[in-house]
Amino acid sequence: MGCFFSKRRKTEKESRPESEEEQPKQYSWDQREKVDPKDYMFSGLKDETVGRLPGKVAGQQFLIQDCENCNIYIFDHSATVTIDDCTNCIIFLGPVKGSVFFRNCRDCKCTLACQQFRVRDCRKLEVFLCCATQPIIESSTNIKFGCFQWYYPELAFQFKDAGLSIFNNTWSNIHDFTPVSGELNWSLLPENAVVQDYVPVPTTEELKAVRVSTEANRSIVPVSRGQRQKNSDESCLVVLFAGDYTIANARKLIDEMVGKGFFLVQTKEVTMKAEDAQRVFREKASDFLPLLNKGPVIALEFNGDGAVEQCQLIVDEIFSGTKMFVSESKETASEDVDNFYNFADVQMGM
C-alpha cells in the first residue's frame, strides 16, 4: 500500500516538460553581493593621493601595504585595518570596529579611531589616536601619540556603526611589550601639536567632497589631555546620565569649561551598577540609582584651579533642569575622580 502524496509528487515530476528543469534551491548566502578584495586594498602605490568616500567600505576589512610617499584617506568605517610595509605615508582611517595593526612601517603620520591599536616593528610614527582599549607597541621606536581630532558630517554615524563611543579614548595610556632599560620607545606629541600640520585635509577633487574640519572645537572625539601632567591639584568629576540630550549636554559642558581655561583630562562612557554608584556618589547614591537603568553614563574630568566651583556654576546656570553629579568640593573631587575611573577601568578590562 503506497502513499498517495508520494505518488502525486512522482506524477507531477514525470509530467513536467523536459525544457522546465528544476531550479536549484537559492540560499541567502548565494544572494549576497560578491566582495572583491581589490576594492578594499591599497597596495604597491607610490606618490599618490587615494581614498574611499563615505559608504564605500561599509564595515569591510581593509588592507594597506607596500605604499610609499602616499596620502591615504578612508572616510568610512571598517571591520579591521592592517598597514604593512608603508613608508613616509599620511593615513586617515575612519572608525574601525576591531583592530588597526601597523607592521614594519616607517615615517608615517596618521589619524585614526579603533577598538584596538597595535604597532610592531615600526619606526617613527606620529599618531592622533582614539582607541577604546590600551594601545600597544612592540619592537618599535620613536612612536608619538596625540589625541584624535577630526570632523566630517558622516563621522558620528560611522562611530555608531563601528560600535565605538567617542568618550572612550585611552589614546595616551600606552603599553610597551618590549621596553628597553633607560630608553623610551614612545612619547606624547606636544600639547600644541596641530593635526593639520601632520595629517592635512585632502586636496584631490574627489576627496574634497568630504567636508572635513580639523579644528579642535569641532572634533567628533573630545580632545583630552590624557596622561599628561596636570596643571593643578584640583580636578572635578561630572557624571551625566543617559537621556535624549546626554551627548549634546556633555559637549556643551566641555565647550564651556575649556572656554574658561580649564582642561579636559579624560572622558568615559560606561554602565554603572548600584554598588558602583555607592562608591562614587556616596551619600547621594540613592538620588541617582533610578537613572542608572536608562543606559550608560558619561563621565568627564576637568582640571584647573577653581574647577569644582566653576563647574557647579555652569551646571546650575545652563543645565538646571538636568540631573548631573558634580563633585561637591575640591577636597573630595580627587577621590571622586579616582573612584569613578578605577571602577570604569576594571569594567573595561584596562
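The values are calculated or read from the model by the stated rules, or taken from the named source; none is laboratory data. The model shown is predicted, which means the values in this text are computed figures rather than measured ones. Glycine also receives a Cβ, built like all others from the backbone with ideal geometry; neighbour counts cover every protein chain displayed. Only protein heavy atoms, including side chains, enter the accessible area calculation; ligands, DNA and RNA are left aside. Shrake-Rupley method; radii C 1.70, N 1.55, O 1.52, S 1.80 Å.
Over the chain, give the accessible area per residue in Å² for a 1.4 Å probe, as an integer.
On a per-residue basis, the chain sits at 53 Å².
Would you mind pulling out the separation of the Cα centroids of the range 130-148 and the range 291-310, in Å?
26
Any chance you could give the angle, 0 to 90 degrees and rounded to 10, that helix 246-259 forms with the longest Cα principal axis of the chain?
Taking the Cα atoms of the chain, the angle to 246-259 is about 40 degrees.
If the label point is 7 Å along Cα→Cβ of K46, which residues in the range 73-87 have backbone nitrogen under 17 Å from it?
Inside the label zone: 85-87.
What does the highest-first list of 212-223, 274-285 look like by mean Cβ count within 10 Å?
With the highest mean Cβ count within 10 Å placed first, the list reads 212-223, 274-285.
Among rounded, prolate and oblate, which fits the chain when a ≥ b ≥ c are the square roots of the eigenvalues of its C-alpha gyration tensor, a/c under 1.5 means rounded, and a/b larger than b/c means prolate?
oblate
Modelling each spin label as a point 7 Å along the Cα-to-Cβ direction, I'd like the E183/K260 distance in nm, to one decimal.
My value for the distance between the label points is 4.7 nm.
So, with +1 on the Cβ of K and R and -1 on the Cβ of D and E, and no other charges, what is the size of the charge dipole of the chain about its Cα centre, to the nearest 20 debye?
My answer is approximately 1040 debye.
Mean residue ellipticity at 222 nm from the helices of the chain, using -39,500 (n - 2.57) per DSSP H segment of n ≥ 4 over the full residue count, to the nearest 500 deg cm²/dmol?
After summing the helix terms and dividing by residue count, I get -7000 deg cm²/dmol.
Using mean Cβ contacts within 10 Å as the protection proxy, how do 178-188, 263-273 order, highest first?
Top to bottom by mean Cβ count within 10 Å: 263-273, 178-188.
Any idea what angle helix 4-15 forms with the longest principal axis of the chain, computed on alpha-carbon atoms, 0 to 90 degrees, nearest 10?
The two axes meet at around 70 degrees.
State whether the range 140-205 is rounded, prolate or oblate according to the following rule on the C-alpha gyration tensor (a ≥ b ≥ c being the square roots of its eigenvalues): a/c under 1.5 gives rounded; otherwise a/b larger than b/c gives prolate, and the remaining case gives oblate.
Judged from the Cα gyration tensor, the range 140-205 comes out oblate (a/c at least 1.5, b/c at or above a/b).
On a 21 Å Cα-Cα criterion, which of the cross-link pairs K34/K208; K56/K208; K97/K268; K273/K294; K97/K160; K109/K144 come out too long?
Beyond 21 Å between Cα atoms: K34/K208.
What distance in nm separates the simple spin-label points at F157 and K208, each placed 7 Å from Cα in the Cβ direction?
2.5
What order do you get for 146-153, 251-258 when each peptide is scored by the mean count of other beta carbon atoms within 10 Å, highest first?
146-153, 251-258
Put a dot 7 Å past each Cα toward the Cβ at Q196 and S232; how far apart are the dots in nm?
About 2.9 nm, to one decimal.
Compute the angle between helix 330-347 and the longest alpha-carbon principal axis of the chain, please, reported from 0 to 90 degrees and rounded to the nearest 10.
Value to nearest ten degrees: 20.
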